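Following: one structure in structure tokens, then a few remarks.
Throughout, read-outs are computed from the coordinates displayed, never taken from laboratory work. These numbers were taken from a predicted model, which means no experiment stands behind them. Note that each Cβ is placed from the backbone with ideal geometry, even for glycine, and that neighbours are counted across all protein chains shown.
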């Protein structure tokens, strides 16, 4: 059995390992700060939506209801996730006269087959008034060119 090293005969560790760890940690911190900045900066999509809300303040209630619900789990504002993006939904139903009522019903009752085989679950806890507000907001989402970020 070997005896533990005392301070006098401990093996020398190369100094470059310590420097490599310091450099690695600095790069990690820079990366985290960069991601934080990318998340915080306004995007063309968020600026366009803010302009729509400023022009039609009543849509803010619908936006709040969408954000409070589980909608954002499956839909992005400008990007397709599990389901279509809100911008795609708005452009598809823009010319339909009863689009707001149609989408409000789909929010409450669920849907399958309109956008493929993905099932949109029903949301019976959402009132008819809330679903109309949510549908109004969805129909107001502008189509914006891809910007690399979606909020």
Would you mind giving the three semi-axes, in whole Å and largest first, of the ellipsoid equivalent to the range 23-80 according to its Cα gyration tensor? 31, 15, 9
Measure nothing but the geometry: give the 0 to 90° angle between the long axis through the Cα atoms of 59-68 and the longest principal axis through the Cα atoms of the chain, rounded to 10°. 50
Students often get this wrong, so try it: which of (i) 16.8; (ii) 7.6; (iii) 9.7 is mean projected area of the Cα convex hull in nm² as calculated from the structure shown? (i)
Given a 10 angstrom Cα cut-off, can you work out which residue in 78, 130, 56 is the most mobile in a GNM of the chain? 56
Simple spin-label estimate for residue 67 and residue 25 in nanometres, 7 Å along Cα-Cβ: 3.7
Report, to the nearest 10°, how far helix 15-40 tilts away from the longest principal axis of the Cα atoms in the chain, using its own Cα long axis and a range of 0 to 90°. 10
Let me have the relative contact order for the chain, percent, based on Cα pairs under 8 Å that are six or more residues apart. 28
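Using the number of other C-beta atoms within 10 angstrom as an exposure proxy, rank 59, 38 with the fewest first.
Least crowded to most crowded, the residues run 38, 59.
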Rounded to the nearest 10 degrees, the helix 44-55 long axis (Cα) sits at an angle to the longest Cα principal axis of the chain of 40
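So how much slack lies between residue 115 and residue 94, counting 0.36 nm per residue of separation and subtracting their Cα-Cα distance, in nm? Numbers along the way, then the final one.
Numbers: separation 21, 0.36 × 21 = 7.56 nm, distance 1.59 nm.
That pair, residue 115 and residue 94, stretches by 6.0 nm at full extension.
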Sequence ranges 65-74, 135-144, ranked by mean other-Cβ count within 10 angstrom, highest first: 135-144, 65-74
Per the helix-only calculation at 222 nm, which mean residue ellipticity applies to the chain, given -39500 (n - 2.57) for every DSSP H run of n ≥ 4 and division by its residues, nearest 500 deg cm²/dmol? -17000 deg cm²/dmol
